[in-house]
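One structure is given below, encoded as structure tokens.
Bear in mind these aren't lab numbers, they're just calculated from the coordinates by the rules spelled out. Values in this document were obtained by computation on a predicted structure and should not be read as measured data. Positions of Cβ are generated from backbone atoms using ideal geometry, with glycine treated the same way; all protein chains shown enter the neighbour counts.
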Amino acid sequence: MHKIIFTILLSALTLNVSAQSARKVLDNTAARMTKSGGVKAQFKATQFSGTTPQSETTGTMLMNGSSFQMVTDELTTWFDGKTQWTMMKNSSEVNISEPDEDDLAGMNPAMLVGLYKRGFNCRMTKSTLRGRATYVVHLWPKHKGSEFSDIYVDIDQANYNPLCIRAKHEGDWVRLSILSFQNGLVLEPSTFTFPKKDYPNVEVIDLR
């Protein structure tokens, strides 16, 4: 699944706090995802129509700053900070593109969490998820035209790790459940570029 879009998973949200506190929590979470070396996360993404699940995929994402590699049931994507390579499973071709910030926000959770710094309001409540106490940060755009109309980020109160991200895109939701999260990893730059030598028979299609 290419876009990270989400549905409502939590029960009652209990405690309203200030937007300033919400930003502080997101600062801490963004730091966990971008400032502690490489990150590895296993996830399950579910796309919904209304409240009905339409499709589901599992995968693994490696991240270091703005660079990432994502492997799902359907495709593998490499992004080195500028150039993106996308290859469908069992495909004989890989597409090269240069995505914009909105495209990247739909694929990289670190960028999605960081949207509060560029044109989004935020507020925070508290709840529980999978037996853990959580901060639940709601993001919504200050102006019309944003790709995402609502984003909810569920954050573990104990360590600021992201547990779930839900985003509304063109009226539908996708939920990204983060099943495991490791940071402080050493990841080589080559992790985030297409390894042509491993796919000698794959045709490279440049869409830039």
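Summary table below
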item	result
Relative contact order (%) - region 19-206, alpha-carbon pairs under 8 angstrom, separation at least six	26
Sequence of ARG208, ARG175, ARG130 once ranked by neighbouring C-beta atoms within 10 Å, starting from the fewest	ARG208, ARG130, ARG175
FRET efficiency estimate (nearest 0.05) - Cβ-Cβ, GLN54 to VAL204, R0 30 angstrom	0.40
Members of LYS82/LYS196; LYS44/LYS197; LYS24/LYS168; LYS82/LYS126; LYS40/LYS196; LYS40/LYS144 lying beyond 27 Å, as alpha-carbon distances in this model show	LYS44/LYS197; LYS82/LYS126; LYS40/LYS144
Per-selection Rg to Rh, region 19-206 - Cα, Kirkwood hydrodynamic radius	0.97
Separation of the LYS142 and ASP100 label points, Cα + 7 Å toward Cβ, nm	1.9
Fewest-first sequence of ASP206, ASP150 by Cβ atoms within 10 Å of each Cβ	ASP206, ASP150
Where labels lie 7 Å past Cα in the beta-carbon direction, separation of SER149 and LYS40 in nm	3.9
Linear extension gain, ASP172 paired with ASP73, 0.36 nm per residue minus alpha-carbon span	33.5 nm
